[in-house]
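J.: Below you'll find the structure I mean.
Bear in mind these aren't lab numbers, they're just calculated from the coordinates by the rules spelled out. Please read all numbers here as calculations on a predicted model, not as lab measurements. Cβ atoms come from the backbone with ideal geometry, glycine included; neighbour counts cover every protein chain shown.
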Amino acid sequence: MEEYIVVKKGSTIQHCIQIPDEFLDKDLEIKIRPVAHKEHIVEKLQQIYARYEGVNPFASISDPAEWQRETRSEW
């Protein structure tokens, strides 16, 4: 991913970016890069559900609260 770095005095960018007053007289490094495209989570979940239709990974859990306690105790 391409990235650009710009150094500007805080007072020159205050009109478009809210910055603390103590940064106004300092040189600030500003990184500019495109936002990474994120997949739509709904579409991704639909693909997963379609791929594993009929699979219930939680069917063997009889007591969800106990399962959570056991899982957390492993950390």
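J.: Which angle between 0 and 90 degrees, to the nearest 10, do you get for helix 41-51 versus the longest principal axis of the chain when only C-alpha atoms count?
T.: In the chain, helix 41-51 runs at an angle near 30 degrees to the longest axis.
J.: List the residues whose amide H sits under 5 Å from the amide H of LYS9, counting only those 5 or more places along or on another chain, with H placed 1.01 Å from N in the peptide plane.
T.: Here the answer is LEU28, since their amide H atoms fall under 5 Å of that of LYS9.
J.: Mind listing which chymotrypsin sites (Phe, Trp or Tyr not before Pro) in region 1-55 are in a DSSP loop and have 10 or fewer other Cβ atoms within 10 Å?
T.: Working: sites: TYR4, PHE23, TYR49, TYR52; in loops: TYR52.
Of the chymotrypsin sites (Phe, Trp or Tyr not before Pro), the ones in loops of region 1-55 whose Cβ has at most 10 other Cβ atoms within 10 Å are TYR52.
J.: Let me ask something additional. Considering only lysines 8 or more places apart in sequence, or on different chains, count the pairs in the chain whose C-alpha atoms sit under 17 Å apart.
T.: 4
J.: Label points 7 Å out from Cα along the Cβ direction at ILE19 and SER73: separation in nm?
T.: Going from the ILE19 label point to the SER73 one covers 5.3 nm.
J.: Using only Cα atoms, tell me the angle between helix 64-73 and the longest principal axis of the chain; keep it within 0 to 90° and round to the nearest 10.
T.: Between the helix axis and the principal axis of the chain, the angle is about 60 degrees.
J.: Sorted by mean Cβ packing within 10 Å, highest first, what order do the peptides 37-48, 7-18 take?
T.: Averaged packing, sorted descending, gives the order 7-18, 37-48.
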